[in-house]
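A.B. asks: Before we start, here is the structure in question, set down as structure tokens.
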Amino acid sequence: MAIVVRIDVELAKRKMSVGEFAERVGITPANVAVLKNGRAKAIRFSTLDAMCRVLDCQAGDLLEWVADDGDAAEKP
């Protein structure tokens, strides 16, 4: 997958636990783990909004697109 989730970086910067983060965002710690480990297939904008509000950051601080090896070869 080419989208890298950087929730752990933002949590570490703020010294916030997964449990506290999950409670403040309104999702379960298990769902935070799914997001952190890159196993999520989708995220609701309302959830992303809540995550950004809790961490006082931009969506781009939490999600990053990284080219796969094949992506560079496909460009003209």
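Just so you know, all these numbers are worked out from the coordinates, no wet-lab data involved. The structure displayed is predicted, hence computed values, not measured ones.
A.B. asks: For segment 53-69, just list the computed ³J(HN,Hα) in residue order, Karplus coefficients 6.51, -1.76 and 1.60, θ = phi - 60°, integers in Hz, with x standing in for Gly and Pro.
C.D. replies: 5, 5, 8, 6, 9, 9, 4, x, 6, 9, 10, 9, 8, 10, 5, 6, 4
A.B. asks: In addition: Translational diffusion coefficient, Stokes-Einstein: compute it for the chain using the Kirkwood radius over C-alpha pairs as Rh, at 25 °C and 0.890 mPa s, and state it as an integer in µm² s⁻¹.
C.D. replies: Result for D is 186 µm²/s.
A.B. asks: Now, a different point. Going by amide H atoms built from the backbone, whose H comes under 5 Å of the H on Leu63, apart from near neighbours?
C.D. replies: Hits under the 5 Å cutoff: Arg6.
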